[in-house]
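Worksheet: the structure to be examined is printed underneath.
The values are calculated or read from the model by the stated rules, or taken from the named source; none is laboratory data. Quick caveat: nothing in here was measured; it's all calculated off a predicted structure. FYI the Cβ positions are ideal-geometry reconstructions off the backbone, even for glycines, and counts take in every protein chain you see. All accessible areas refer to the heavy atoms of the entire protein, side chains included, with ligands and DNA or RNA removed. Shrake-Rupley method; radii C 1.70, N 1.55, O 1.52, S 1.80 Å.
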Amino acid sequence: MSLFRRRPKPATQPVAVDLDVARRAAAAVNRGDVDEADRIVNATSNPQAHAFAAFRFIDVED
């Protein structure tokens, strides 16, 4: 008998991210309209993945 049981990890499915949605959300953030960006990503089936994908399109000022 062991003290620790190994539980199988749940199988993860790849998340399909629509990059057009991510670009639209990033464009809204770049304009300063974060409420619009929030509405755009929340209308998807996976808001967290789309919001994360939008980061690559957000302009950063140096």
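Details
- If you go through region 1-59 and keep only what is aliphatic (A, V, I, L, M) and assigned to a loop (DSSP other than H, G, I, E, B), you end up with Met1, Leu3, Ala11, Val15, Ala16, Val17, Ala43, Ile58.
Per-residue answers, yes or no, for (1) out of contact with any helix residue (DSSP H, G or I) (no Cβ under 6 Å at 6 or more places or on another chain); (2) of a type in the set (S, T, N, Q):
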{"site": "Arg6", "(1), (2)": "yes, no"}
{"site": "Ala11", "(1), (2)": "yes, no"}
{"site": "Val15", "(1), (2)": "no, no"}
{"site": "Asp20", "(1), (2)": "yes, no"}
{"site": "Asn30", "(1), (2)": "yes, yes"}
{"site": "Asp33", "(1), (2)": "yes, no"}
{"site": "Arg39", "(1), (2)": "yes, no"}
{"site": "Ala49", "(1), (2)": "yes, no"}
{"site": "Asp59", "(1), (2)": "no, no"}
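- Residue match in region 33-54 (condition: open to solvent by 60 Å² or more (accessible area, probe 1.4 Å) and of a type in the set (Val, Ile, Thr)): yes
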